[in-house]
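Read-outs: derived from the displayed coordinates by stated rules, not from any lab. What you are looking at is a predicted structure, and each value in this text was computed from that prediction instead of being measured. All Cβ positions, even for glycine, are placed from backbone atoms using ideal geometry, and neighbour counts span all protein chains on display.
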Amino acid sequence: MAPSTSGGPSTGAKFVRMIVKNDSIKQDPHEIYGWRAFAMAGSACFGGMLFGFDIGTIGGVLELPEFQAKYNIDTLDKVGKANLNANIASTLQAGCFAGCFIASWASDKWGRKIALQIAGLVTIVGCVMQACAMGSLEAMYVGRFIAGLGVGGASMVVPLYISENAPRGIRGGLTGLYQLFIATGISLAFWVNYGSLMHLSGGDQVYIVPLAMQALPAVLLVGCMALNKESPRFLAKQDKWENATNVLARIRNLPESHPYVQDEIKDIADQLEHERRLIAGAGVMDLLKEMFTIPGNRKRAVISIVLMICQQMTGTNAINYYAPQIFRALGLEGNENKLFATGIYGIVKMVGCLAFLIFAADSLGRRRSLLWTSIAQGLAMFYIGLYMRIDPPVEGQAVPGAGYFALVCVFLYACFFQFGWGPVCWIYVSEIPSNRLRSLNVAIAAAIQWLFNFVVARATPNMIATMGQGGYGTFLLYGSFCFTMFIFVWFWVPETKGLSLEKMDDLFGVTEVTKNIDDDERNVHGSMDKDATVVREEKVGQ
């Protein structure tokens, strides 16, 4: 049964048009901004909560005396503890790196929906192994690696699935929901750690419960995705045009015969045809050749890769993974105070990301958000580093006023990150690639993100232990990276808000390549026709 298009805009559509300011919102039918688009994005984004829950859980668990005693961490010296903590935290990233490429293959073979459900099931297995490791480091490593396969796979497929389903006018906001769910997962995990410390201390359950709770988002992901349809652009790639049209009409809340649906299907068909004309074949080597030999595609791949490197080099996951240790370095004492401050940090990240998605993602735009937050994050990091260098906290004494402002800078930094480099990078890497290359582009970008996530997770404990008193050099280093990212965005990153996915080829100049191919073919055919005419005239003259 075709969706109804009668009546005025729904409450949701009115709200969207009130807060989002771009040309697409004004031009597109109000029906497409109904509840289905938001339910689709929310269902898939439980894949982001997988990552957030792990980030928030492991940092607090590593600080628990019961966990340290069970895994013999408390017998090690300062550097030994830092190394073992880094190994436990970073094993997940190794699995995530591999999971991105496995999920890319699975999402192209079986579809985005099935790939997300598989990622959820794999994560559940890994989380159960972590909770049941019972002091075995080997079992903990294997469990975190397996969970990483699922988390990494979901990190690649979630923005891909949302960008292929979302209306163009709010695509930035819906894709950015992925970052909001990461922040929500971090916040929930921080408070699970705090609750466990307050009510379960004294036994192994104080760390087993948080480790087991990591599986909750995976269960929700598998269940919610069962209620969703496959991506219409994936169906189109498989030449299942009837199914693609039906799914697109459903998610847009319009009849299949509506001009908006028919125009979008035509744009998808035209883009796929242009891509197939550029380079034939759909194997991995064909796609890599298409990605790196065509200038417009190469620029998009490079932007995606560099954005993900920059996202990690802001130092955000240094704080996410090791927030309790960092708050201790800033002068907070006692596990209760450190975990409470960490919980507040998680709430700040969640609220900051929500504010960005509502007021800035599709109004202020992607580029401006990256530019101003680069400077703001750098300033916050530099203040923390200079405070640790010039007037460091003294153990046993009250935290001075400058120290409290350093703590505030940690929270400000979290808010700035959520207004730019957190959600915007995922928006860019999922929306700028061409349809044929989107899965591979997102997989490469997500894998690079996990690779540098691993570098940060592995290096940060040692940096804090060795780069000056309190690790002040760590904050100065990450702050310097933030300032240099401004330069990259200023010169190389274009604005994409309000553009349909199919218009990205125009923005990056790929459409001109196909036009040149068409012109060359017409010239060749015209020359052949002219030669044939001359031959016929010569024969007649004889």
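Side notes on the structure shown:
- Sparse packing (at most 15 other Cβ atoms within 10 Å of the Cβ) combined with a DSSP loop state is found for the following chymotrypsin sites (Phe, Trp or Tyr not before Pro) in segment 104-170: W110.
- Inter-part distance where segment 202-254 and segment 41-95 are each reduced to a Cα centre, Å: 26 Å
- As a proxy for reagent exposure, ranking L121, L477 by other Cβ atoms within 10 Å from fewest up yields L121, L477.
- Cβ-based net charge around A115, under 9 Å, with every Lys or Arg adding one and every Asp or Glu removing one: +2
- Cβ-based net charge around G470, under 10 Å, with every Lys or Arg adding one and every Asp or Glu removing one: +2
- In Hz, Karplus ³J(HN,Hα) per residue of segment 474-491 (6.51, -1.76, 1.60; θ = phi - 60°; x = Gly, Pro): 4, 5, 5, 5, 5, x, 5, 4, 4, 5, 5, 5, 4, 5, 4, 5, 4, 9
- Across segment 460-470, rounded Karplus estimates of 3J(HN,Hα) from the backbone phi angles (6.51 cos²θ - 1.76 cosθ + 1.60, θ = phi - 60°) give 4, x, 5, 5, 5, 6, 10, 8, x, 4, x Hz, Gly and Pro being marked x.
- Look at Y178, Y194 and count the other Cβ atoms within 10 Å of each Cβ; fewest to most, that gives Y194, Y178.
- The 3J(HN,Hα) values that the Karplus relation (6.51, -1.76, 1.60; θ = phi - 60°) gives for segment 223-236 are, in residue order, x, 5, 5, 5, 8, 9, 9, 6, 5, x, 6, 5, 4, 5 Hz. Gly and Pro appear as x.
- Each of I124, I170, I182, I305 has some number of other Cβ atoms within 10 Å of its Cβ, and from fewest to most they run I305, I124, I170, I182.
- Using the alpha carbons alone, the radius of gyration of the chain stands to its Kirkwood radius in an Rg to Rh ratio of 1.04.
- Cα gyration tensor, segment 360-468 - rounded (a/c under 1.5), prolate or oblate: oblate
- Checked against a 23 Å cut-off, the cross-linked pairs K266/K503; K26/K299; K113/K237; K237/K497 give Cα-Cα distances beyond that limit for K26/K299; K237/K497.
- Label-point separation in nm, D506 to A98, each point 7 Å along Cα→Cβ: 4.4 nm
- If the chain linking V455 and C132 were pulled fully straight, counting 0.36 nm for each residue of separation and taking away their Cα-Cα distance, it would gain 113.6 nm.
- Alpha carbon convex hull of segment 134-217, volume per residue in cubic angstrom: 87 Å³
- Each label point was placed 7 Å from the Cα along the Cα-to-Cβ direction; for I375 and I358 their separation is 2.7 nm.
- Amide H contacts for T496 (H built 1.01 Å from N in the peptide plane; partners 5 or more residues away or on another chain; cut-off under 5 Å): R366, R367.
- Exposed GluC sites (Glu not before Pro) absent - longest run of the chain, DSSP non-H/G/I/E/B, at most 12 other C-beta within 10 Å: 1-394
- Extension gain (nm, one decimal) between F292 and N87, 0.36 nm per residue minus Cα-Cα: 70.3 nm
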